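See structure below.
The values are calculated or read from the model by the stated rules, or taken from the named source; none is laboratory data. Source: prediction; values computed, not measured. Neighbour counts run over all protein chains shown; Cβ positions are idealised from the backbone, glycine included.
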Amino acid sequence: MEGRIEKAKLSYEHAVFVGDVGELAAAERELDKVEADLAVARGRILHARFLDDRREDPRELALFERATHLYRTLGDAAGEADSVFWEGCFHQVVRSDPDRAIPLLEQSYDLATAAGARYTQSEALRHLGIADHAAGRLDAAREHLEASVRLRREIGLLAGVAADQVGLIYIAAAQGRQDDAVALAAEAYATAEECGARRIMRQVAEARMQIMAPDTDHGETYKQGAP
């Protein structure tokens, strides 16, 4: 990022002192990339704050939408997949609006698949699974979350694997697969503990208590959270 900004400065000086403006267009594109990356990064910080205090920040969605516009203009499919995912995540988690969220998550997955962006693919699959689970589509939810788990294992995102398994615990219990639910809980807790993912450890512990409790509605969905 610093390199792009320094390059833009040199392009400015070349134009002003030498009179050659040929590098300005490329410099602008580099700065658009910097702006897009910063917008997504700042939006993610605001999203994390929402998960902590549950207060919507009006800047969050605008940042992701600005990033999407810039990535699309640049022809950066991987970047666009990421920012579109975050738009969908915002509508799903912050606004509780699946009708707005699901098309964006599907678009993100398609873009990420075409770009080979496996991290974003896994994020989109996770949140499509959350949407399916919330709507009672348990088979589809399981399929999406298991696909996300496979991708996250491949890229080494083990805390994300454990996070996905929280949902799979509830789904297994709701489908009457109690032994699977218990085994998933043990695996997810061990994985989260190994990664130091204390928040996920608490979620697994809560899920385990719920599935072991008598007269519990196992159709309950787990809390939507950050990817």
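A few notes on this one:
- Check on Ile169, in contact (Cβ under 8 Å) with a residue 40 or more places away in the chain, crowded, with 16+ Cβ neighbours inside 10 Å and more than 18 Å from the chain's Cα centre (by Cα): yes
- Condition check for Asp52: out of contact with any helix residue (DSSP H, G or I) (no Cβ under 7 Å at 6 or more places or on another chain), part of a helix (DSSP H, G or I), acidic (Asp, Glu) and farther than 30 Å from Arg177 by Cβ: yes
- Number of positions in the range 147-205 that are part of a loop (DSSP other than H, G, I, E, B) and not aliphatic (A, V, I, L, M): 5
- Flag for Tyr71 being of a type in the set (Phe, Trp, Tyr) and within 26 Å of Ala172 (Cα to Cα): no
- Just so you know, in the range 41-60 the residues that are acidic (Asp, Glu) and closer than 14 Å to Glu87 by Cα include one that is surrounded by the fewest Cβ atoms within 10 Å (Cβ to Cβ), and it is Glu56.
- Residue match in the range 111-120 (condition: surrounded by 20 or more Cβ atoms within 10 Å (Cβ to Cβ), out of contact with any strand residue (DSSP E or B) (no Cβ under 9 Å at 6 or more places or on another chain) and assigned to a loop (DSSP other than H, G, I, E, B)): yes
- Selection from the range 170-220 of residues that are of a type outside the set (D, E, K, R), at pLDDT below 95 and within 20 Å of Leu138 (Cβ to Cβ): Gln210, Ile211, Met212, Ala213, Thr216, His218, Gly219
- For the range 124-147, filtered to residues that are touching a Ser or Thr at 6+ places or on another chain (Cβ under 7 Å) and closer than 21 Å to Arg208 by Cα, the residue that is surrounded by the fewest Cβ atoms within 10 Å (Cβ to Cβ) is Ala134.
- For Asp57, the stated conditions hold: it is at pLDDT 95 or above and not in a helix (DSSP H, G or I).
- Applying the set (1) over 20 Å from the mean Cα position of the chain (by Cα); (2) within 22 Å of Leu128 (Cα to Cα); (3) surrounded by fewer than 14 Cβ atoms within 10 Å (Cβ to Cβ) to Ala181 leaves exactly one unmet item: (3).
- Among residues of the range 190-210 that are closer than 21 Å to Asp180 by Cβ and surrounded by fewer than 13 Cβ atoms within 10 Å (Cβ to Cβ), none has a Cβ under 6 angstrom from a residue that is modelled with pLDDT of 95 or more and not aliphatic (A, V, I, L, M) at a sequence gap of 6+ or on a separate chain.
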